[in-house]
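J.: Take this structure, written in structure tokens, and hold onto it; I'll ask about it next.
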Amino acid sequence: MRSRWIAAIAALALVADLAYSSFYVVNEGEQALVVRLGAPVEVVETPGLKLKAPFIDTVYLTSTRSLLLEPQVEQAIMGDQKRLEVQPYARYRIVDPLRFYQALRTPEAANVQLGQFVSSAARRALGQAPLRALLTDERAHIVDAIKAEVAAKAAPLGVSVDEVRFRRADLPFETSQAIYDRMKSERQREAKELRAQGFEWAQQIQSKADRDRTVILSEAQRAAAVARGDGDAEANRALTDAFSQDPQFYAMARTLQTYKNALANSAPTLIVSPDADFLKLLKAGPAEGAKP
């Protein structure tokens, strides 16, 4: 009885394994290549549950979606002998599972092979262009040339290349530092030139201001001297007219003015000779007939 149960369980296990080996599933976004004893049999592109010959058929599933390829950063020499660190990337699709199986078998092998294609194509295209081309509209032509070369090499492998771009394209650190130092020295030189030019302009402005100040002061002093001379002449004419009209009154007025100046600026005691002309008016008073 026990042996019967063991045989039944073994038969069920065999049937289950046979059923499991007879079906496979193709999901959305996948395609399948059925290989029978090493020879490709068919390509299945529609999703669903599929039937295959158990034990002798092997199914290889590949994605129909766009796959990303990211090679490592590497240095490339430009056409003008400038070094550049570049990291291209590419997007590709497996469009022919049979060719893909015959040439590469696995996506890992495809990444290695396509990475070599992208690297060699990028080196070749960059080696024919100067560094400044990557900063202009020529960059698009360079990328298109790389994509065309990679697509042509990938087509026999059952792979369609949709896109090739540069994730980064930078100068090496040593080159960037040298350029930065050169730019810094150039800016410092320009700053010194601007400071020297500014100092020269300041000296010119200061000299012009001093010259204008001297001219203005000279003209002002000349005008003041002329005005002072005119005033003195007018005063002299007034004094002359007054003297000519009444000489005695003029003499008395001048004497009183002299008294005022002398007594105002003297000490409390003023010592003079009794017979000095200075005291004549004080002693005798104004002459008779003088106008008050």
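The values are calculated or read from the model by the stated rules, or taken from the named source; none is laboratory data. The structure presented is a predicted model; accordingly, all values stated were derived computationally and were not measured. FYI the Cβ positions are ideal-geometry reconstructions off the backbone, even for glycines, and counts take in every protein chain you see.
J.: Can you run down the residue pairs with Cβ atoms below 7 Å, 6 or more apart or on separate chains, where the first is in the range 220-248 and assigned to a helix (DSSP H, G or I) and the partner is surrounded by 10 or more Cβ atoms within 10 Å (Cβ to Cβ) and among the aliphatic types (A, V, I, L, M)?
T.: GLN248/ALA287; GLN248/ALA290
J.: Checking the conditions here, which among GLU186, GLU163, GLU190, GLU174 is modelled with pLDDT of 90 or more, under 21 Å from the mean Cα position of the chain (by Cα), surrounded by fewer than 18 Cβ atoms within 10 Å (Cβ to Cβ) and farther than 30 Å from GLY38 by Cβ?
T.: Of the residues listed, the single one that is modelled with pLDDT of 90 or more, under 21 Å from the mean Cα position of the chain (by Cα), surrounded by fewer than 18 Cβ atoms within 10 Å (Cβ to Cβ) and farther than 30 Å from GLY38 by Cβ is GLU190.
Residue by residue, here is whether (1) surrounded by 18 or more Cβ atoms within 10 Å (Cβ to Cβ); (2) assigned to a helix (DSSP H, G or I) holds:
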position	(1), (2)
GLN116	no, yes
ILE146	yes, yes
VAL150	yes, yes
ARG168	no, no
TRP201	no, yes
GLN204	no, yes
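J.: I would also like to ask the following. Exactly one condition in (1) assigned to a strand (DSSP E or B); (2) modelled with pLDDT under 85 is false for PHE55; which is it?
T.: Exception for PHE55: condition (1).
J.: Moving to a separate point now. Could we say that GLY79 is in a helix (DSSP H, G or I), of a type outside the set (Ser, Thr, Tyr) and touching a residue at least 24 places away in the same chain (Cβ under 8 Å) here?
T.: No.
J.: Could you list all residues from the range 42-53 that are over 15 Å from ARG105 (Cα atoms) and surrounded by fewer than 17 Cβ atoms within 10 Å (Cβ to Cβ)?
T.: GLU42, GLU45, THR46, PRO47, GLY48, LEU49, LYS50, LEU51, ALA53
J.: Report, by residue number, each residue of the range 118-136 that is of a type outside the set (Gly, Ala, Ser), surrounded by 14 or more Cβ atoms within 10 Å (Cβ to Cβ) and over 15 Å from GLN72 (Cβ atoms).
T.: Scanning the range 118-136 gives LEU126, PRO130, LEU131, LEU134.
J.: Listed residues PHE199, PHE166; which is out of contact with any Ser or Thr (no Cβ under 9 Å at 6 or more places or on another chain), aromatic (Phe, Trp, Tyr) and farther than 30 Å from ARG93 by Cα?
T.: Testing whether each residue is out of contact with any Ser or Thr (no Cβ under 9 Å at 6 or more places or on another chain), aromatic (Phe, Trp, Tyr) and farther than 30 Å from ARG93 by Cα leaves just PHE199.
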